[in-house]
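*Asks:* Pasting a structure below so you can have a look.
The values are calculated or read from the model by the stated rules, or taken from the named source; none is laboratory data. No experiment lies behind these values; they were computed from the predicted model shown. Note: ideal-geometry Cβ built from the backbone for every residue, glycine included; neighbour counts use all protein chains shown. Surface accessibility is based on the protein's heavy atoms, side chains included, excluding ligands, DNA and RNA. Shrake-Rupley method; radii C 1.70, N 1.55, O 1.52, S 1.80 Å.
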Amino acid sequence: MAADTEPLRTQADLLRRGLAELRTEDAELASILDAEIIRQHRTLSLVSSSCAAGPRTLAASASALLNVTVEGTPGRRHHAGCENADLVESLAIRRAKELFAAQYAGVQSHSASNANYQVLSALAEPGDTILGMALDHGGDLTHGSSLAFSGVHYKAIRYGTTAQGAIDYQQVRQLALAHRPRIIICGATAYSRIVDFQRFRAIADEAGAILLADISHIAGLVATGRHPSPIDAAHVTTCCTHRQLGGPRGGLILSGRDADTKVPGLRSSFRRVLDQAVFPGMQGAPAVNMIAAKAAALGYAKSVQFDAYMGRVRTIADEMADAFMERDYEVVGGGTENHTILLRLHGGISGSIAESALEKCAIIVSKKRGPGEIRSAFAANGLCIGTGSIAQRYLDSQGCRELVDLVCRILDQVKPHGGQQYILEPALQQQFRRQTEALCAMYPIVEYGDR
């Protein structure tokens, strides 16, 4: 057999060959992939659901496990040739259980949205009542929005926040007792305060409901003890693996002390019905290469480096919230207790206009409706900012204040132009972009730098 046709022996061999082939045989795609790395280096992401996956996670996601079909769970597959896939999935399960002190962990879900739908399908029938946080108060589409599966197939009741931006637990209890939902969902996508999972469980128990906690946006803070854990408070907990854990796009389903108890109204335990809801219920063969990437990320999440990273996430969030308030911006709730800052804009510009203007200056944010907002997300005057990505750049106090100052100066220069139109002059765009790129150079993405 010729030397250049010998079987590749290691993951490293395969990665090297794949990268070489991309550059020589598909230069168009290779150039786009390289351009994305450059874009990430030269922009500052303040998206609350964003952080950079580490090189080990990227490498694991590119493994030859992509080629393996493994319907079922480790040791109970519907296909042969799964010995290494079983080891990888068992490793990911063990690490997830250890990281979150859970009794049960399912690691096959393709996303947190999938995980939420799988849990809902396991525990509720179409038409059952669910109680979740309203979208314009910080909730998630999968928690009962009329735009999503959860709001179409279930009768969705929504709770909100107080005028101070905190969850209205009194309203949650009143709605739970009035409607007796099958499932109460706690967790949010744009909520800056601590979630009292124990209080939610007390309400759920009083109303005879199952409690589902979605911690996708705070999983890293929970794992490192910087936010209370719902694992033993909720019957079931879900999260994604990419927002704070630095893993691939994927989901986890977790359960603590209730894992082996019977689901109310069913003969099976939570553990059993959750497994069945994923396969064969709503998902076929999982992406085993992504399970390997989850295992890599979960392993890193147990390290002292990750703990320090989550510490920076919190510190930077407090500093940025204070800096925005010093510039007379309203921070919903008067501050933050996690990684999220929800701003109300002034000057008449919408979140959509602000998002576009900042993007032109290489700063990425997310438009967002705030509590009580009746306009659409495109017209609403809110921005949601998160500190996951910039914490990976090791921004210090001075860097935080320079970044907030830059954001505010950009927004101050967005001017009305012809009725409802707002513009940022091209010359200013270039000036501000250079300042953003200077901050990027001063605070690079450490994980993607040279060692």
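*Asks:* At what distance in nm do the modelled label points of ARG56 and LEU266 sit from each other, each positioned 7 Å from its Cα along Cα→Cβ?
*Replies:* According to this spin-label approximation, the distance is 3.5 nm.
*Asks:* Something else now. Going highest first, how would you order 78-86, 333-341 by mean Cβ packing within 10 Å?
*Replies:* 333-341, 78-86
*Asks:* May I pose another question? What does the charge count around ILE291 come to, taking other residues whose C-beta lies under 14 Å from its C-beta (Lys +1, Arg +1, Asp -1, Glu -1)?
*Replies:* So the surrounding residues net to +2.
*Asks:* Then there is this: Please give the peptides 363-370, 109-116 ranked by average Cβ packing (other Cβ atoms within 10 Å per residue), highest first, as a rough proxy for protection.
*Replies:* Final packing ranking: 109-116, 363-370.
*Asks:* Here is a follow-up. Taking just the C-alpha trace of segment 77-209, give me its Rg and Dmax in Å.
*Replies:* Spelled out, the Cα radius of gyration and Dmax of segment 77-209 are 17.1, 57 Å.
*Asks:* Let me ask you something else. Taking 0.36 nm per intervening residue step and subtracting the Cα-Cα distance, what contour gain separates GLU71 from ARG9 on full extension?
*Replies:* 19.7 nm
*Asks:* Moving on. Order 243-251, 192-200 from most to least packed using the mean count of other Cβ atoms within 10 Å.
*Replies:* In descending order of packing, they fall as 243-251, 192-200.
*Asks:* Kindly report the accessible area of segment 95-203 per residue (heavy atoms of protein chains, probe 1.4 Å, no ligands, DNA or RNA), in Å².
*Replies:* Details: 4110 Å² over 109 residues.
Accessible area per residue, segment 95-203: 38 Å².
*Asks:* Can you pull the percent of segment 126-189's accessible area that's carbon plus sulfur, 1.4 Å probe, other chains left in place?
*Replies:* Carbon-and-sulfur percentage of accessible area, whole number: 51.
*Asks:* Report the local net charge at MET133: Lys and Arg +1, Asp and Glu -1, summed over other residues whose C-beta lies under 11 Å from its C-beta.
*Replies:* Combined, the nearby Lys, Arg, Asp and Glu give -3.
*Asks:* So, one more: So what is the calculated 222 nm ellipticity per residue for the chain, using -39500 (n - 2.57) for each DSSP H run with n of 4 or more, over all residues, to the nearest 500 deg cm²/dmol?
*Replies:* Theoretical 222 nm ellipticity from helices: -13000 deg cm²/dmol.
*Asks:* Normalised by the empirical 2.2 N^0.38 Å for globular proteins, what value does the Cα Rg of the chain take?
*Replies:* For the chain, the normalised Cα radius of gyration is 1.02.
*Asks:* Hey, what's the Cα Rg ratio for segment 1-99 versus the globular rule of thumb, 2.2 N^0.38 Å?
*Replies:* 1.41
*Asks:* Which ³J(HN,Hα) values in Hz, rounded to whole numbers, follow from the phi angles of segment 354-370 under the Karplus curve 6.51 cos²θ - 1.76 cosθ + 1.60, where θ = phi - 60° and Gly and Pro get x?
*Replies:* Here the 3J(HN,Hα) series is 5, 4, 5, 5, 5, 4, 4, 9, 6, 10, 9, 10, 10, 5, 7, 7, x Hz.
*Asks:* Same structure, new question: For segment 313-451, with every protein chain kept in place, what is the accessible area per residue (1.4 Å probe, Å²)?
*Replies:* 45
*Asks:* Counting only residues 5 or more places away or on other chains, whose amide H sits under 5 Å from the amide H of ASP214 once H atoms are built in the peptide plane?
*Replies:* Residues meeting the amide H criterion: CYS186, GLY187, THR238.
*Asks:* Placing +1 on the Cβ of each Lys and Arg and -1 on the Cβ of each Asp and Glu in the chain, which of LEU266, ILE390, ILE37 has its Cα farthest towards the positive end of the resulting dipole?
*Replies:* My answer, from the dipole projection, is LEU266.
*Asks:* Still on this structure: Considering only protein heavy atoms and a 1.4 Å probe, what is the carbon-and-sulfur percentage of the accessible area of segment 327-430?
*Replies:* Ligands and nucleic acids excluded, carbon and sulfur give 49 percent.
*Asks:* State whether segment 319-381 is rounded, prolate or oblate according to the following rule on the C-alpha gyration tensor (a ≥ b ≥ c being the square roots of its eigenvalues): a/c under 1.5 gives rounded; otherwise a/b larger than b/c gives prolate, and the remaining case gives oblate.
*Replies:* Oblate, because a/c is 1.5 or more while a/b does not exceed b/c.
*Asks:* For segment 139-147, in order, what is each residue's ³J(HN,Hα) by Karplus, 6.51 cos²θ - 1.76 cosθ + 1.60 with θ = phi - 60°, in whole Hz (x at glycine and Pro)?
*Replies:* x, 10, 3, 7, 9, x, 5, 5, 7
*Asks:* OK, next. State to the nearest 20 debye the size of the charge dipole of the chain about its Cα centre, where the only charges are +1 on K and R beta carbons and -1 on D and E beta carbons.
*Replies:* On the way: 46 positive and 46 negative charges, 149 e Å.
Here the chain has a charge dipole of around 720 debye.
*Asks:* Still on this structure: Based on the Cβ-Cβ distance of GLN421 and MET325, what FRET efficiency does E = 1/(1 + (r/R0)^6) give at R0 = 41 Å, to the nearest 0.05? If you can, show how the numbers build up before the last one.
*Replies:* Working: r = 30 Å, r/R0 = 0.72.
The value I calculate is 0.90.
*Asks:* First compute the accessible area of segment 26-70 with a 1.4 Å probe, then give the percent of it belonging to carbon and sulfur atoms.
*Replies:* 60
*Asks:* Then there's this: Nearest-5 percent of antiparallel DSSP beta bridges in the chain?
*Replies:* Rounded to the nearest five, the antiparallel share is 60 percent.
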